[in-house]
Every structure is written in C-alpha cells, then in structure tokens.
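Below is one structure, written out as structure tokens; the observations come after it.
The values are calculated or read from the model by the stated rules, or taken from the named source; none is laboratory data. Computed from a prediction, not measured in an experiment: that's the story for all the values here. Here the Cβ positions follow ideal geometry from the backbone for every residue, glycine too, while neighbour counts run over all protein chains shown.
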Amino acid sequence: MNPQKFKIVMKLNRIFLIFVLAAFWSCHRDDIDLEIQKIDKPSALIYEQVNATVYGYVYDEAGQPVANALVQMYSTNATTNAKGLFVFKAEKMDQLGTYIRVIKEGYLTASDYLFPKPGSKEFSYIRMIRDKQDKYFESSVGGTISLEGGGTITFPPNAIKKEDGGLYSGKVTLTARFIDPTSPHFGDEMPGGLIGIDINGNRVVMGTGGMFAVELRSPSGEKLNLREGSKAEYSIPARSKAKPASMPTWWFDVKDGLWKEEGRAVLVNGHYTGQVSHFSFWNVDAKFDLVRVCGTVVDSEGKPMDQAIVVVEAKLDDGKLVTGYGYTDVDGNYCGWMPKGVELHITVRPVICPDKAKEVVVGPFYNNASINNIVVDAQKKPVSVKVTCNGVPAGDAIVVLEQNGKTILVDVPNGASTFNLYNYTCDDNSPISIFGFEQKTGKTSSDQAFNFANGVYEFDVCQSGCSLSGVFITDCDPIIIKVSGGSGQYKYQWNTGDTTDRFSIKSADAKLYSVTVTDIQNPTCSQVFTKNLPGLISCTIELTDCHWPISLRVKGSNYNKIKWSNGHDGVSQDVQPDHTTTYSVTVTNEIGCSSTASIVVDPDLFPYVSSARTCSKNLITLPGRFKSGTIQGFNGFSKNLNSPSDLVDLNIFETGYVLWGYVNNGKGCEQPFEFNLPQYDGLKVLNFSTGNVIDGNIIKYTASNGSCYNCDAGDVAIFKASDLNTDLVQLNATGLPGGEYYVVLKDANSGCFVAFVKVKII
C-alpha cells in the first residue's frame, strides 16, 4: 500500500484539518489499573516511519491536570504524572499521521493526531470530558435528551441493546455533550485529527461545524448501544460561520483514529439534524480534495515561535469553515493537508494570548505549496531556566507555565534554556505559575510564582524529604483527605477556603475539588491532591399529568441509584391505587449521600371513566372517578354529570352504543373519553301484523347475519315497552296484543341488551 496515494488530511504539528459538524463522542471508559493486555490496542498502522519526541499535557474541563491516565501510541504506552504530563522520547511514529489515545476511568476516551518530522519535537494538548452519566431515560419508553452545550438526541422505545446483543430493559444513563467548533478548547477536545475515509474509499479532509459525544450505560456500568434496525435522531446547533444545506455524516473509528462516512444531515431551522444507527464518535462534515501546504511562524525578531496555535479556515460562498487547528513544532513549523482550490484564511497566535493573533489570506492552491513566514509581534521578555536534581542538571527537561487557567510546555534541552516569555503568554502582568519537569524520571519540582522582574529560575525535581501521598475518604459528609509521608504534620488549603483535613460539599454542581498539603516541618514540600465529586444531592417526586394511571417521576440531581418504597427502581413509574397511598423514593449518589422524597396520591383527584362495565338487561353501569362533566351518545343523547353515581345505570335504549364526552375533578384536571358499549349490528324485524286487530304477532326477526362487538350474540327476546322483565317470545307464537314492543338481542354471556328494534302492533 502506497500511502502517498491517499488523500490524507494531515495535522502535522497538530494541525487539525477538520470540518466536523456533529460528532457523537464514542466513549470507551476503561480502567488504567487493568493489565495493559486487557485494554484494546489502537490498530493504526505506520506507513512512513520516523523517530520523534512528543511532549504532552492532559487536562480536564476545569483546567486541572488529569493524573494517571493511560496514553497509547502504537505499541508504546505512557502514564500521565500528577501534573498531567507525559513524554514519548524518540519513539517510532508515522510522518503521515500518528494516532495518540488517552484512557482514564471517569472520562470519555480522548485522542490526538500528530504529523511529526524526523527528529522533531511535537506538542500534544488533550482536553478530556468527564463521563458524568448525569442524564437518563427508560429504555421501554425512550425519550429526548438535551445535550450539554446545546441540541437534543431522541431515542425510540425499546431500542437499546446490551453488550451481548440482547434487548436491554431498564434505566439508561448517559453522558451527552455538544462540542462547539467555535469554542477556544475545540482543537484540544475533539477526537483525532479528522482524517476521513469517504464512501468511495478515498481519504479526505473534512470541514467542521461541531460535534457531540454520547455514552450509554446501565446503572451497573454495562456499556449499551442501539439495537440493529433502531435509529436515534439528533439535532445540534449550526454555529459555524458557513452553513451548507446538507453534509455527509461520519463516525470515528476509535481503534485506528479515522473517520468513516455513513449517512447525511440536513440544515433545519439553524440546526443540523439526522439519524445514527450506532454510537461511536459522529460528526457531520463537508469533504474536500487535498493539497499539502506548509509554513513557519516567527516572532518579530525572525526567530521560530514554537507552539503557536495555527487555525486554518476555508472560504466558502456563505462564510468560512475551520479546516485546521494545531500547534507549531519546536522549530516553529506547521504543515498539513488542506482543502484544494479554496481560499484559505490562516490565523496564528500564542497559546495563552488571543490578542496577539495574526491572520493571512493565501491560496487557492492546486498543488503542494509553501507560504511565507507568518510574523507574530511579541515583546521581548527573556527568561532563563535551569532544571536540576539535587543540584545536578536534569538533562532534557521542560518547564510548565500556567497563566489565566491555561498551560504551556517549554522545551529545556540539557536542563537549561533561555526563552522569550511573550512568545507563549500574555504581557498583561497576570499571575504566572511555573515548575520544572525532568523527562527521564517524570519528576516535577514544586510550583513557583513567576516574578516578572526576575527572569532567572532554577527548579529542583528531587527535593529531599518531600514524598507525600493522599487518599480521599468520601463516605458522604464530610470529605476527608488522609495524608501520609513527610514529617506527619501538615497544613491544608482547599479550593473551597477550608483549612483543615476535611470539608463539606455546599454546591449543587459537580466540581473538581483540590487541596494543597504542605509539610509543616519542610515548607518547600507541598503536594496538590484533586478529586471530582458530585454536588449536593436532591430529589422530589412530580406528577407528570392528570391521567389515570398516575405517572410518578423523580426530579433531582447528582444521584445514580433510585429505590421506591414499593420496590421499583426506575426513574418513573405508573401507579393506580384504589385508596389514598403514600409513595416515597430514596436516591443515592456515588459517594453514599442520599435524599428522600414522598408524595400522597389520592385517587379521587384523578378523573376518569372506565371502560369496564357491568349490566342488567338494558342498564349499563360504568365506573368512574370525577366531580363533573358531560356524557353524550347516539340518538341525540346528552347528560350532565354531577357525581360518580350519574354514570350508573345508563339506559341503552337512550344512549345507543357509543359514549363520549369528558369528566373533570373540579381542580383543573380534565379527561376526555370515548368507548363502545356492547353492541350488535344486524338485528332486523320484518312483517309484523297490521290492521284493526286486537291480537297480532311479530312474524320475523333475524340476528344471524350481523356482528357482535364486545359480546356474543345470544337469544332474541320480546318485551312490551312498558315491561322489560317479561319475555313474550312464547306468547308471540300465538299472538300479541296491540301496542309497542322491543325486539331485543341479548349477550349470551352477560345477558346485556346489545341490540333492539322497536315495533308497534295495531
């Protein structure tokens, strides 16, 4: 296979060549404590091998480092340290696209796509999304779920399967998150590099409008998905500058890091809508032929600017679409496959400071091209750093700068370097934190507050006597940090303001909590411990409507277990008590906190008319529960209802065989009803005597050719209109006196009158 024949979207130096619009985030939540061989390996292939180095930083939505995450790259694995850092030093990679995958329990699987050159030093910033499982629906009912960030996804009833393929029944929990292509975090958050394989097998670059992530699980943690033949419908905001009327949809193959074309989405009322048949990463993207474009970013002195953010946009008729996002390498280079024959707008800026952005317009290009240097104006601020271990140079190292909630890695070869601070950060004098990281051992120094007037820093990653470990005890309230190591005497500083070894959760929102622990006997020995915790738990029970049976639903936050007083464990249930009954529910969250709510259900508050019936000849009794209403039937029958007893003993000769109307409880709940009484269609009476005779008889009646609804045709009886108790069938054989009579067909089972004809003998 010759990879040069592929139309490959390359995010060299982490240039994302993207046109995403709607990615369902396929969320593999594996535990890094498992043996490596038990975790699926990436299946990406190496087509053009080079050896290169990657400096990486993994962080979460709160801007905090993600520690102990498993980082996979081909057959090589790494683990992030306490500061979220990882390094692949001089490892084999693919110059045509290197797939990196990150797995951490409690997060959606994240990934990156790099395009290294031989011997280059690349940078990878990966933002992980919490697998909150904070939304839910009942599989038997389905439902519409709101995506965090905008949009919805609708699941049909009975559409969920288990891992073994069998039908799943019960509560479905899920993480559902829209990923905005206009967000400043979009490039770090989206999966892979958006290289797509279209339906013709060609590799293409895709144009983005946004994505969303969905992960389905059972309450016990079992992975779920859509059943074969079932489809979920999605609607996501179209927030890109250009908005094509329709675009193909793509799913992300998490094993090889490539997108696969499948289906199409259309633009409806400012949203892209479509259907998906399975859950992995999904997006709705335009596709383009490719041309390779390369360049360099330099500062005002002409020196390479590494880690400058490069954003590429393609100019379309109705606006622009982002087609590239990434970082320059240590030499300031960027290179990637971009849309062919399209005007390109390229914007570059330092990682932390958007005010220094510089935009150039180039192209269209129809062949591979190199463009002139892009110059970013930055003030001069030299900073000298040295990274040591007990005073000995640490060899290859990096220093980490943190400003305005953002993090940047700076290469420090041979343990010492001088760099221009303002190539990376802002010159607004906002606080900067800085620490050193030694690549070989993975050790980090303590944090230092950056002094703008100093400019000289030394970091020792091997501080003697500083070895602290901490374990969170989360048995509801309070939350306790148990620390060991060092002198055994510690000071505590939580991000809540608390200064002891414990605190109580006071917020309703799930948050990342952190505590800085300092050894009292060795103030330079300090360690930060973090923990994601749910917010305050709450629940109520709501009545969803006025219908009978009564639908009860739990309304609350931050729970993952449900238990009703009647043993039910779903989010909602239907009840139909025959007397006033109290229902209660207890919800519990992942750290053992619980909340209980109760509701009293009075059946009299829920109006209804039951289709259940009893009867005595022509009198039909229909049970109901109401205060007032109206009932109607055939033959102009109409009756006002003022109490439940008004529905007792309806005369079939008056009402006909169909009843309809409404009833209410006098408190705003109203219920319509319509149902058929037991009836027969086809009773006929012919040729009865007429004339001036005293006696006569009904000569012919027939019920043999009709249809019985909600009944079985039985005997025919004849009653005098004034006496419905005496059957005159036998007397009819010899002659009936003049007068009005009912010829009546009976239900063979109940004796109900199900058809009648009124006749008159003269």
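List of remarks:
- The condition (being of a type outside the set (A, V, I, L, M), out of contact with any strand residue (DSSP E or B) (no Cβ under 6 Å at 6 or more places or on another chain) and surrounded by 16 or more Cβ atoms within 10 Å (Cβ to Cβ)) is satisfied by just one residue among G436, G442, G415, G405: G442.
- Residues being among the hydrophobic types (A, V, I, L, M, F, W, C), modelled with pLDDT of 75 or more and more than 25 Å from F503 (Cα to Cα) - total across the stretch 450-480: 3
- Filter pass, C462 being over 30 Å from L605 (Cβ atoms), outside any strand (DSSP E or B) and in contact with a Lys or Arg (Cβ under 7 Å, 6 or more places away or on another chain): yes
- Evaluating D569 against the criteria (1) at negative phi; (2) crowded, with 19+ Cβ neighbours inside 10 Å leaves one unmet condition, (2).
- Answer residue from the stretch 122-136, given it is at pLDDT 90 or above and out of contact with any Leu (no Cβ under 8 Å at 6 or more places or on another chain) and is farthest from K511 (Cα to Cα) among those: Y125
- Condition check for G567: small (G, A, S), part of a strand (DSSP E or B) and either closer than 20 Å to S594 by Cα or at pLDDT below 85 (or both): no
- Within the stretch 365-381, residues that are under 23 Å from V351 (Cβ atoms) reach partners that are of a type in the set (K, R) and in a strand (DSSP E or B) with beta carbons closer than 7 Å, at six or more positions or on different chains, in the pairs I374/K358; V375/K358; V376/R349; V376/K358.
- Filtering the stretch 105-120 to residues that are within 16 Å of R177 (Cβ to Cβ) and part of a loop (DSSP other than H, G, I, E, B) leaves G106, L108, T109.
- Being of a type outside the set (A, V, I, L, M, F, W, C) and at pLDDT below 90 is a property that does not hold for T173.
- The lone criterion from (1) over 15 Å from K287 (Cα atoms); (2) at pLDDT below 90; (3) not basic (K, R) left unmet by T208 is number (1).
- The lone exception for N372 - which of (1) within 43 Å of the chain's Cα centre (by Cα); (2) outside any strand (DSSP E or B) it fails: (1)
- Any chance S277 is within 30 Å of V351 (Cβ to Cβ) and in contact (Cβ under 8 Å) with a residue 24 or more places away in the chain: no
- For the stretch 68-94, the set of residues classified as in contact with a Ser or Thr (Cβ under 6 Å, 6 or more places away or on another chain), more than 11 Å from V54 (Cβ to Cβ) and touching a residue at least 60 places away in the same chain (Cβ under 8 Å) consists of K83 only.
- G666, sole failed condition from (1) at pLDDT below 80; (2) assigned by TED's automatic domain parsing to the domain that holds D723; (3) surrounded by fewer than 17 Cβ atoms within 10 Å (Cβ to Cβ): (2)
- Test result for G257, outside the structural domain of V58 (by TED's automatic domain parsing) and under 28 Å from W337 (Cα atoms): yes
- The set of residues from the stretch 698-733 being in a loop (DSSP other than H, G, I, E, B), under 60 Å from the mean Cα position of the chain (by Cα) and surrounded by 12 or more Cβ atoms within 10 Å (Cβ to Cβ) comprises G706, N710, C711, D712.
- Single residue of the stretch 620-663 satisfying the filter (surrounded by 13 or more Cβ atoms within 10 Å (Cβ to Cβ) and of a type in the set (S, T, Y)) that is farthest from P549 (Cα to Cα): T655
- 1 or more residues within 26 Å of I761 (Cβ to Cβ): qualifying strands (runs of 3 or more DSSP E) within the stretch 627-689: 679-681, 684-688
- Test: residue in the stretch 714-731 that is outside the structural domain of S643 (by TED's automatic domain parsing), out of contact with any Cys (no Cβ under 7 Å at 6 or more places or on another chain), modelled with pLDDT under 90 and at positive phi: no
- Members of the stretch 520-531 that are surrounded by fewer than 18 Cβ atoms within 10 Å (Cβ to Cβ) and out of contact with any Ser or Thr (no Cβ under 7 Å at 6 or more places or on another chain): P523, K531
- Any hit, the stretch 41-50, residues being more than 25 Å from F212 (Cα to Cα), crowded, with 24+ Cβ neighbours inside 10 Å and at pLDDT 90 or above: no
- Residue match in the stretch 583-594 (condition: among the acidic types (D, E), in a loop (DSSP other than H, G, I, E, B), surrounded by 14 or more Cβ atoms within 10 Å (Cβ to Cβ) and within 29 Å of the chain's Cα centre (by Cα)): yes
- Qualifying residue in the stretch 222-238 (condition: closer than 17 Å to P339 by Cβ and touching a residue at least 12 places away in the same chain (Cβ under 8 Å)): no
Table: residues versus (1) assigned to a strand (DSSP E or B); (2) under 23 Å from the mean Cα position of the chain (by Cα).
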residue	(1), (2)
A508	no, yes
Y513	yes, no
T516	yes, no
P523	yes, no
Q527	yes, no
N532	yes, yes
E542	yes, no
R553	yes, yes
